[in-house]
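The block underneath contains the structure these notes are about, expressed in structure tokens.
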Amino acid sequence: LRANFSTTKKENGRINGIIAVIHDVTEQEQVEMERREFVANVSHELRTPLTTMKSYLEALQDGAVNDEKLARKFIDVTQMETERMIRLVNDLLQLSKLDAKDYSITPQRTDFIAFCNHIVDRFEMSKRQNIHFVRKLPKKPIYVDIDRDKMTQVIDNIYSNAMKYSPEGGSITLKVTKKGQYLKVCISDEGVGIPKENLSKVFIRFYRVDKARSRKLGGTGLGLAIAKEMIEAQGGEIWAESEWNKGTSILFTLPLDKGGDHRD
Ligand code: ADP
């Protein structure tokens with residue numbers, strides 16, 4: 001807190017009072033600090049792939065280009081890094097729109113169970129690694145008002161993390177239940193897990209438990225931050241539960257469609 005003092009005077013010039021204006025500078029300073037940290041993070045995140053690309057391009061220039069096998073490998077690396085930068089910039093643009101409230105939520109009445117089945121089908125079809133997709137879904141439809149594109153992105157982000165951190169042959173389980181006026185969605189994996197003290201931090205922009213590992217897996221560090229913004233914009237909450245070395249669950253809630261039939 002910062003206080004500015006001034007005095008009030010009577011007509012004859014004598015002081016008859018003091019005015020104290022108290023500013024809450026801590027909040028301003030906090031915002032400024034976060035902004036600086038964010039810019040530093042973005043710069044760092046962009047510099048890392050750029051530095052990698054530069055050294056691979058230099059190696060190509062210094063002769064690696066004549067070794068076909070090596071050249072191909074180096075080009076693949078630069079391509080991967082370019083793709084990661086594009087993902088990063090896209091994620092940043094999206095977050096900046098979310099921050100500026102420069103987006104619209106287009107809620108559509110949706111049977112969430114059919115919607116989930118469709119998304120999991122898509123992951124099952126495209127799976128590149130040995131992973132079992134388990135569905136624990138109610139038999140009957142459950143209706144919610146959701147922005148389908150945004151919700152697809154939330155679930156995509158959570159699933160792609162679960163796949164990245166899953167062991168060979170692991171299971172990813174999607175469970176949907178009703179809790180009062182809310183729908184509860186839980187996506188669990190059997191991967192490395194997240195230490196207890198880091199659980200709430202994974203929703204902070206650029207926060208990663210293991211930076212090197214996240215980069216190696218192609219992460220931008222923004223996936224869960226975007227998911228959080230999108231869930232909250234639709235009236236829900238999101239959080240993580242985990243047991244180190246046993247697996248991670250990302251859970252979120254969504255308000256049930258009041259007009260719809262969601263009796264048991
Ligand atoms: P990233 O692009 O690094 O995956 P996210 O915002 O999606 O960024 O996730 C933030 C961090 O949370 C990750 O870097 C990782 O440390 C941790 N994390 C997220 N999902 C999982 C998971 N399923 N298993 C283990 N760690 C996870």
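The values are calculated or read from the model by the stated rules, or taken from the named source; none is laboratory data. What you are looking at is a predicted structure, and each value in this text was computed from that prediction instead of being measured. Virtual Cβ from ideal backbone geometry, glycine too; neighbours counted across all protein chains shown. The accessibility values were calculated without ligands, DNA or RNA, using every heavy atom of the protein model including side chains. Shrake-Rupley method; radii C 1.70, N 1.55, O 1.52, S 1.80 Å.
Rounded to the nearest Hz, the phi-derived 3J(HN,Hα) couplings of region 246-253 under the Karplus curve 6.51 cos²θ - 1.76 cosθ + 1.60 (θ = phi - 60°) are 10, x, 10, 10, 10, 10, 8, 10, where x marks glycine and proline. The length gained by stretching the chain between Met125 and Gln153 to full extension, at 0.36 nm per residue less their Cα-Cα distance, is 8.3 nm. Sorting the Cα pairs of region 1-117 by distance into bins of 10 Å, from 0 upward, gives 10, 18, 17, 17, 15, 10, 6, 4, 2, 0 percent per bin. By the rule of a C-alpha distance below 20 Å, with chain neighbours fewer than 8 residues away ignored, no lysines are paired with Lys9. A simple charge model with +1 on the Cβ of Lys and Arg, -1 on the Cβ of Asp and Glu and nothing else charged puts the dipole of region 108-264 at about 240 debye relative to its Cα centre. Using the Cβ-Cβ distance between Asp102 and Met33 with R0 set to 35 Å, the FRET efficiency from 1/(1 + (r/R0)^6) comes to roughly 0.90.
Rounded to whole numbers, the Karplus 3J(HN,Hα) couplings from phi for region 6-12 are 9, 10, 10, 10, 7, 4, 7 Hz, using 6.51 cos²θ - 1.76 cosθ + 1.60 with θ = phi - 60°, and x at Gly and Pro. The value of relative contact order for region 140-264, using C-alpha pairs under 8 Å at least six residues apart, is 33 percent.
Atom-type composition of the exposed protein surface of region 1-89 places 55 percent of the accessible area on carbon and sulfur (1.4 angstrom probe). For Asp121, neighbours were defined as the other residues whose beta-carbon sits under 14 Å from its Cβ, and their charges (Lys and Arg +1, Asp and Glu -1) total +1.
Among Ser55, Met85, Asn41, flag the residue with its Cα farthest along the positive direction of the charge dipole of region 25-90, charges on Cβ as +1 for Lys/Arg and -1 for Asp/Glu. The residue sitting farthest along the positive end of the dipole is Ser55. When only Cα pairs below 8 angstrom with a gap of at least 6 residues are kept, the chain shows a relative contact order of 16 percent. Solvent exposure of region 149-231 amounts to 42 Å² per residue of accessible area, where only protein heavy atoms count and the probe is 1.4 Å. Coupling constants for region 107-121 follow from the phi torsions by the Karplus curve (6.51 cos²θ - 1.76 cosθ + 1.60, θ = phi - 60°), and in residue order they are x, 10, 5, 9, 6, 5, 5, 5, 4, 5, 4, 4, 5, 5, 3 Hz; glycine and proline get x. Applying a threshold of 30 Å to the alpha-carbon distances of Lys140/Lys216; Lys178/Lys201; Lys136/Lys164; Lys136/Lys228 flags Lys140/Lys216 as lying beyond it.
Run the numbers on region 92-212 and let me know its relative contact order in percent, using alpha-carbon pairs under 8 Å that are six or more apart. After rounding, I find 23 percent. Per residue, the Cα convex hull of the chain amounts to 215 Å³.
Taking every pair of alpha-carbon atoms in region 79-180, give the share separated by more than 20 Å as a whole percent. The share of Cα pairs beyond 20 Å in region 79-180 comes to 52 percent. For the pair region 191-264 and region 103-138, the centres of their Cα atoms are 16 angstrom apart.
The protection proxy used here, the mean number of other Cβ atoms lying within 10 Å of each residue, ranks peptides 203-212, 91-100, 123-132, 228-237 as follows, highest first: 228-237, 203-212, 91-100, 123-132.
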